[in-house]
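These notes concern the structure reproduced below.
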Amino acid sequence: MCALGGLAIIFNRLAINDTVTPRPYIIINVAQSLNGMIAGNGGRRVSISCDEDMKRVDGIRSSVDAIMVGANTVINDNPSLTVRGKNVANPKRIVLDNKLRVPENSNIFDGTAETIIFTSQQGRKMPNARVMVREEEDLGVGKVMADLYGMGLKRILVEGGRTVINELLSESLCDEFYIYVGNILIRNGLPLFQPQGDIRDIVIGKTIIGNGVLYTLDCKKLKGE
Ligand SMILES: NC(=O)c1ccc[n+]([C@@H]2O[C@H](COP(=O)([O-])OP(=O)(O)OC[C@H]3O[C@@H](n4cnc5c(N)ncnc54)[C@H](OP(=O)(O)O)[C@@H]3O)[C@@H](O)[C@H]2O)c1
């Protein structure tokens with residue numbers, strides 16, 4: 001596809017988001033093993049990606065307004081969710097944490113980027129973070145996305161985990177979906193999803209990166225679990 005064609009598609013998507021759906025443009029990126037696992041037993045963090053792929057992810061991170069993850073990803077992986085090796089402003093960090101379970105010494109509270117927590121727990125402050133309290137027990141990721149759009153965050157990268165990704169897919173809240181398949185098998189791991197039926201022709205792009213393969217999926221065909 002020529003560069004102009006690509007730009008036209010991007011503008012089209014932005015236009016669709018601005019007029020039809022009051023939500024940000026949503027990119028999902030995840031790494032999985034050859035047997036479809038995104039973590040080890042009990043959510044144990046396993047290194048699946050490689051340096052070359054991390055650079056690709058950094059490229060996406062530097063192009064978005066915010067990076068979103070679920071509470072368990074913070075608890076199990078303790079990610080920094082910042083752009084490495086580039087002199088650019090870090091995107092905001094958004095954490096979906098209904099019960100406010102993330103530890104106060106997590107890297108997301110290190111002050112290197114703004115952190116926003118969406119929770120239903122009243123009255124607690126977190127270090128270096130804005131706590132957005134929602135009345136409803138079920139915060140609904142669609143409502144959160146609409147709020148983020150209202151806050152001026154128009155482009156969001158979602159990096160996991162399994163629950164958050166499936167919530168988004170089940171509400172058709174996805175515009176780009178990347179799965180990096182690393183050169184590893186994980187025993188007794190946490191699967192990304194179990195499709196509700198067979199889905200053919202789901203891959204719309206593939207590239208070898210390092211010792212794995214990056215797949216671009218047609219997220220319109222995915223419904224989550
Ligand atoms: N390979 C990869 O690329 C990759 C990337 C990221 C994470 N991971 C792995 O994925 C695992 C975590 O996945 P996971 O499915 O267990 O958890 P998760 O998606 O990280 O977090 C799920 C939790 O987030 C909270 N949450 C989800 N949706 C919410 C919403 N709409 N509003 C408020 N809170 C919401 C809930 O907390 P409550 O239960 O308290 O309500 C929910 O249990 C980790 O073990 C990590 O290693 C892998």
Is at least one residue of segment 125-135 surrounded by fewer than 16 Cβ atoms within 10 Å (Cβ to Cβ), in contact with a Gly (Cβ under 6 Å, 6 or more places away or on another chain) and without any contact (Cβ under 8 Å) to a residue 40 or more places away in the chain?
yes
Restricting to segment 181-225, name every residue that is without any contact (Cβ under 8 Å) to a residue 12 or more places away in the chain, touching a strand residue (DSSP E or B) at 6+ places or on another chain (Cβ under 6 Å) and small (Gly, Ala, Ser).
GLY205
Please work out if VAL131 is among the β-branched types (Val, Ile, Thr), within 14 Å of the ligand (Cβ to nearest atom) and within 16 Å of the chain's Cα centre (by Cα).
no
Top-ranked residue in segment 43-62 [being in contact with a Leu (Cβ under 8 Å, 6 or more places away or on another chain) and either more than 7 Å from the ligand (Cβ to nearest atom) or not small (Gly, Ala, Ser) (or both); ranked as nearest to ARG93 (Cα to Cα)]
ARG61
Within segment 101-108, identify whether any single residue is in contact (Cβ under 8 Å) with a residue 60 or more places away in the chain and either within 18 Å of GLY152 (Cβ to Cβ) or surrounded by 14 or more Cβ atoms within 10 Å (Cβ to Cβ) (or both), and answer yes or no.
no
Can you name every residue in segment 113-128 that is of a type outside the set (Ser, Thr, Tyr) and within 15 Å of the ligand (Cβ to nearest atom)?
ILE116, ILE117, PHE118, GLN121, GLN122, ARG124, MET126
Scan of segment 25-40 for residues that are over 29 Å from TYR149 (Cβ atoms) and within 10 Å of the ligand (Cβ to nearest atom), ordered by number:
SER33, MET37, ALA39, GLY40
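Computed from the coordinates by the stated procedures, all read-outs in this text should not be read as laboratory data. Here the structure is a predicted model, which is why all the values come from computation and not from measurement. Neighbour counts run over all protein chains shown; Cβ positions are idealised from the backbone, glycine included.
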